[in-house]
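Q: Mind having a look at this structure? Questions to follow.
We did not get these values from a lab; they are worked out from the coordinates using the rules stated. Since we're looking at a predicted model, the values are computed, not measured.
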């Protein structure tokens, strides 16, 4: 099965929860995230959304 790549736009509380759902869902792969918060720029998406592990 080919995974569908997903980029999450907005990584606040709601966007982070959506990104975590994407990570858990078969057939989807979180490939990136965008946010205007300078504190999140340059960090791994896994860290930003609170997974406790990098996503690569």
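Q: Report the Stokes-Einstein translational diffusion coefficient (µm² s⁻¹, integer) for the chain, Rh taken as the Kirkwood radius over Cα pairs, at 37 °C with viscosity 0.692 mPa s.
A: Reported coefficient: 292 µm²/s.
Q: When the helices in the chain are scored as -39500 (n - 2.57) per DSSP H run of 4 or longer and the sum is shared across all residues, what 222 nm value do you end up with, to the nearest 500 deg cm²/dmol? Walk me through the numbers on the way to the answer.
A: Values: 2 runs with 16 residues, N = 56.
My calculation for the chain gives -7500 deg cm²/dmol from helical runs alone.
Q: Could you work out the relative contact order of the chain, using alpha carbon pairs under 8 angstrom and six or more residues apart, expressed as a whole percent?
A: 35 percent
Q: Between the helical axis of 13-24 and the dominant principal axis of the chain, each derived from Cα atoms, what acute angle in degrees is found, rounded to the nearest 10?
A: 30 degrees
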